[in-house]
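The values are calculated or read from the model by the stated rules, or taken from the named source; none is laboratory data. If you're wondering where the values come from, they're calculated on a predicted model, not measured in any experiment. Here the Cβ positions follow ideal geometry from the backbone for every residue, glycine too, while neighbour counts run over all protein chains shown.
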Amino acid sequence: MIPTGIDDEYEVIRILQQTAATAVLLVNYRKIGDLRILKAIHKGHSGSNSILSEAHLLKGFKSPYIPTIYSVGETTEYYFLVEEYVEGLSLREYLLDNKLDENKFYDISIELCKVLEMLHTAGSEAVLYRDLKPEHVMLQSENIKLIDFGISVEKSKAKEAKALGTKSWASPEQLENGILDERSDIYSLGKILEYMQSNSSLKDDYRLKRLIAKAADVDKSKRFKSVCELKEELLKLRGKELLSEKFDEKHLNVNIAIIGADKSVGTTHIAMSLCSYVNKRIDKSYYKDMAGDDTAIRLKENLKNIKIKKGVLYHESFNALMDYGPAVESYDSPFGIYILDYGYTNQMPDADLVIMVVGDKPWQSKALPEWIIDKRVIILGNHIDRINAIQMAKRYRKKVFIYPYEKSVFKISSRAEKIFCELLKNRDGIDFKK
Amino acid sequence: MILKNKLKNTGNKKKLKNRKEKRSYGLTGAGSGLGTTHISLALANYMHSVLKKKVVFIEYSSKSNLISMFQDKNVSLGPNDGYMYKGVEYLLHKREREILDVINKVNAYIVIDCGCDFDSAKAILDHCDNKIVIGSMKPWRQREYIKYVNKNIVKNYDISKIKYLIDGKELAEIKLFYSFFKRRPVGVSNIQNPFRLREEDFDIINEIMA
């Protein structure tokens, strides 16, 4: 059934699913030519409220893990809900043609934990998803997305919820209309992990099997108490302890902040040179303008021999992240070492290493912020006098490195390379290429 | 006195520099359904989201196609009381006088979708720094395009200062247009969504702006 009365706004592209009283349609939103999903249900259908409850449940969430709800409406006969069209393959489709390697297995597993963790903890009360199965997990280039919240409920209302769910994925208590809590979703997640493991190179990993068996135990009291607990176990198995929320993020990037003690002390020059150096000698590195100076745009306009691909500008051994506005398709951040150019600021940035660039011209400020004493902060004098560097080192009880005068940003002299090498030596997360 | 003059000249240079930053683009279509609004929107969004410019989009039409897009969204108002969407300010339902005021007074990149009624949009186009004409050299529409250029553009402007766009990148169509006007048109295709531009779209938009 295709609901009538929506033609003005939506053009039906494809029927994805339909019954006598319900339909899931891929539609074109005529006003802006955007593909969307329209779910419709006949008002006379016993589950007609599910559309409203889905919208109600998701309205508070703004997360990359779940589709955006655009609108809820009704025609004379139907309720309908319009949400983001999630492109990509479902986990089920993906595993038909692919086998997961270790990295991919853990990437998806940990992402799945995060989605459930978000649902269980983000709102005023936990939302139980209740329909976790491979068809509902959409794999995008770097993210996953959960779709179809039709039978999800708030924990306090789970008692009144009908015993719905998909056999072999839903927990026994869910199918038997028992008391539900977060552990019910953990069971389904365990079943998904089991399914993924059987289609992966980790088929015979007994430690993983034990962990999955615990998650998908029929007796819910024996399961993990929270998704967070399960996620930590997965991270441990992967060989990476849960150090901090930053490292918990899928990209284990190292951030190096470059800050100017004053304006025009050469922060951008040094940041770009450092980026080139790291790219050549250490690992993939990306320059990012944090000061809002549109540096990447100006590089695009002024540099020759550039290539822009997936939000990254490439020039010789230098890479810069383009800072596109909202009307450009978004691209996933690449993995690597980020060189963050903060320009002149007094705020201590959140970074693994902070390089404070100072000058010694008479008109330049000599006062450095109090946080200069932090272990992560290094002082780098840009082409400063040696005596001034010694005085500064005494004042701040820190070694002051001297960066030489450099004509070119991208062709770095051996003297400058030596300084960069010293700055980055023995820093966590930065391993030099052999 | 000499010093005074020097200072005066420096001031003028500064003024000129500011003036240079101010750019207006008027787009007109040789007929309806040629994608004038689509390309105008792509241009405006590119200028803001990629080039980071302050951009005002003006739809010059008695019947706005865009108004409904903002009415059901909770969009905020911009400095000129237009709708702000993805960083671009949209001025809809404006009269000729008001548009000319914006072109002259607002310090921003201005993109004007003039639609396909040349006579009513002429006064506005006259004031645009860049004039862009959109048409098609497809067999069933080429006559309309050639007639439009001959009747409206050749008569009123220096045709070498106008940018011509055609839909599609067929070499034969580009050559055909060239044979009439000795100007090479820009072939435009495949900008799928002007509100969600892709990097593949950038080159063509740059060419339109050049």
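With A:Lys214, A:Lys220 as the choices, which residue is surrounded by 12 or more Cβ atoms within 10 Å (Cβ to Cβ) and modelled with pLDDT under 90?
After ruling out the rest, the residue left standing is A:Lys220.
Give me the pairs, please: first residue somewhere in region A:1-23 and outside any loop (DSSP other than H, G, I, E, B) and among the aromatic types (Phe, Trp, Tyr), second residue anywhere and surrounded by 13 or more Cβ atoms within 10 Å (Cβ to Cβ) and at pLDDT 80 or above, beta-carbon distance under 7 Å, and either six or more positions apart or on two chains.
Partner pairs satisfying both residue conditions: A:Tyr10/A:Val27; A:Tyr10/A:Asn28; A:Tyr10/A:Tyr29; A:Tyr10/A:Arg30; A:Tyr10/A:Leu38.
Which condition number does A:Glu182 fail, the rest of (1) surrounded by fewer than 16 Cβ atoms within 10 Å (Cβ to Cβ); (2) over 30 Å from A:Pro334 (Cα atoms); (3) of a type outside the set (Ser, Thr, Tyr) being met?
Failed condition: (1).
Is region B:32-41 home to any residue that is modelled with pLDDT under 90 and of a type outside the set (A, V, I, L, M)?
Among the residues of region B:32-41, at least one is modelled with pLDDT under 90 and of a type outside the set (A, V, I, L, M), which makes the answer yes.
State all residues of region A:145-166 that are outside any strand (DSSP E or B), aliphatic (A, V, I, L, M) and either surrounded by fewer than 16 Cβ atoms within 10 Å (Cβ to Cβ) or modelled with pLDDT of 85 or more (or both); if no residue qualifies, say none.
Across region A:145-166, the qualifying residues are A:Ile147, A:Ala163.
Among the residues of region A:335-348, write down those that are in contact (Cβ under 8 Å) with a residue 60 or more places away in the chain and crowded, with 16+ Cβ neighbours inside 10 Å.
A:Gly336, A:Ile337, A:Tyr338, A:Ile339, A:Leu340, A:Asp341, A:Tyr342, A:Gly343
When only residues in region A:305-328 that are part of a loop (DSSP other than H, G, I, E, B) and within 10 Å of chain B (Cβ to nearest Cβ) count, which is surrounded by the fewest Cβ atoms within 10 Å (Cβ to Cβ)?
Looking at residues that are part of a loop (DSSP other than H, G, I, E, B) and within 10 Å of chain B (Cβ to nearest Cβ), I get A:Lys310.
Has region B:172-183 got any residue that is farther than 27 Å from A:Ile297 by Cα, away from chain A (no Cβ under 14 Å) and under 20 Å from the mean Cα position of the chain (by Cα)? Don't jump to the end; show me each part of the working.
So the first thing to find is which residues in region B:172-183 are farther than 27 Å from A:Ile297 by Cα, and the list is B:172-183.
Narrowing the set further to residues that are away from chain A (no Cβ under 14 Å) leaves B:172-183.
Subset that is under 20 Å from the mean Cα position of the chain (by Cα): B:183.
Yes, region B:172-183 contains a residue that is farther than 27 Å from A:Ile297 by Cα, away from chain A (no Cβ under 14 Å) and under 20 Å from the mean Cα position of the chain (by Cα).
For residues that are within 14 Å of chain A (Cβ to nearest Cβ) and part of a loop (DSSP other than H, G, I, E, B), scanning just region B:184-202, find the one that is surrounded by the fewest Cβ atoms within 10 Å (Cβ to Cβ).
Filtering region B:184-202 for residues that are within 14 Å of chain A (Cβ to nearest Cβ) and part of a loop (DSSP other than H, G, I, E, B), the one surrounded by the fewest Cβ atoms within 10 Å (Cβ to Cβ) comes out as B:Asn190.
Being of a type in the set (D, E, K, R) and without any contact (Cβ under 8 Å) to a residue 40 or more places away in the chain is the filter here; which residues of region B:174-201 pass it?
Listed by number, the residues that qualify are B:Lys175, B:Lys182, B:Arg183, B:Arg184, B:Arg196, B:Arg198, B:Glu199, B:Glu200.
Does B:Ile205 satisfy the condition of being more than 14 Å from every other protein chain (Cβ to nearest Cβ), crowded, with 17+ Cβ neighbours inside 10 Å and under 17 Å from B:Thr28 (Cα atoms)?
Numbers: more than 14 Å from every other protein chain (Cβ to nearest Cβ): no; crowded, with 17+ Cβ neighbours inside 10 Å: yes; under 17 Å from B:Thr28 (Cα atoms): yes.
Considered against the rule, which asks whether it is more than 14 Å from every other protein chain (Cβ to nearest Cβ), crowded, with 17+ Cβ neighbours inside 10 Å and under 17 Å from B:Thr28 (Cα atoms), B:Ile205 comes out as no.
Only one of B:Lys131, B:Lys151 is farther than 19 Å from B:Ile191 by Cβ, in a strand (DSSP E or B) and basic (Lys, Arg); which?
Answer to the selection: B:Lys131.
Pick from A:Lys203, A:Lys225, A:Lys191: which is farther than 19 Å from A:Ala126 by Cβ and surrounded by fewer than 18 Cβ atoms within 10 Å (Cβ to Cβ)?
Within the list A:Lys203, A:Lys225, A:Lys191, the selection yields A:Lys203.
What strands (runs of 3 or more DSSP E) completely inside region B:27-116 contain at least 2 residues that are more than 14 Å from chain A (Cβ to nearest Cβ)?
Qualifying strands (runs of 3 or more DSSP E): B:55-59, B:109-113.
Can you tell me which residue among A:Trp371, A:Trp363 is part of a helix (DSSP H, G or I), aromatic (Phe, Trp, Tyr) and either modelled with pLDDT under 90 or at negative phi (or both)?
Exactly one residue qualifies, and that residue is A:Trp371.
Looking at region B:135-153, can you tell me whether even one residue there is within 14 Å of B:Thr28 (Cβ to Cβ) and of a type in the set (A, V, I, L, M)?
Yes, some residue in region B:135-153 is within 14 Å of B:Thr28 (Cβ to Cβ) and of a type in the set (A, V, I, L, M).
Of all the residues that make up region A:386-401, how many are crowded, with 17+ Cβ neighbours inside 10 Å and either touching a helix residue (DSSP H, G or I) at 6+ places or on another chain (Cβ under 6 Å) or not in a helix (DSSP H, G or I) (or both)?
Here the count works out to 3.
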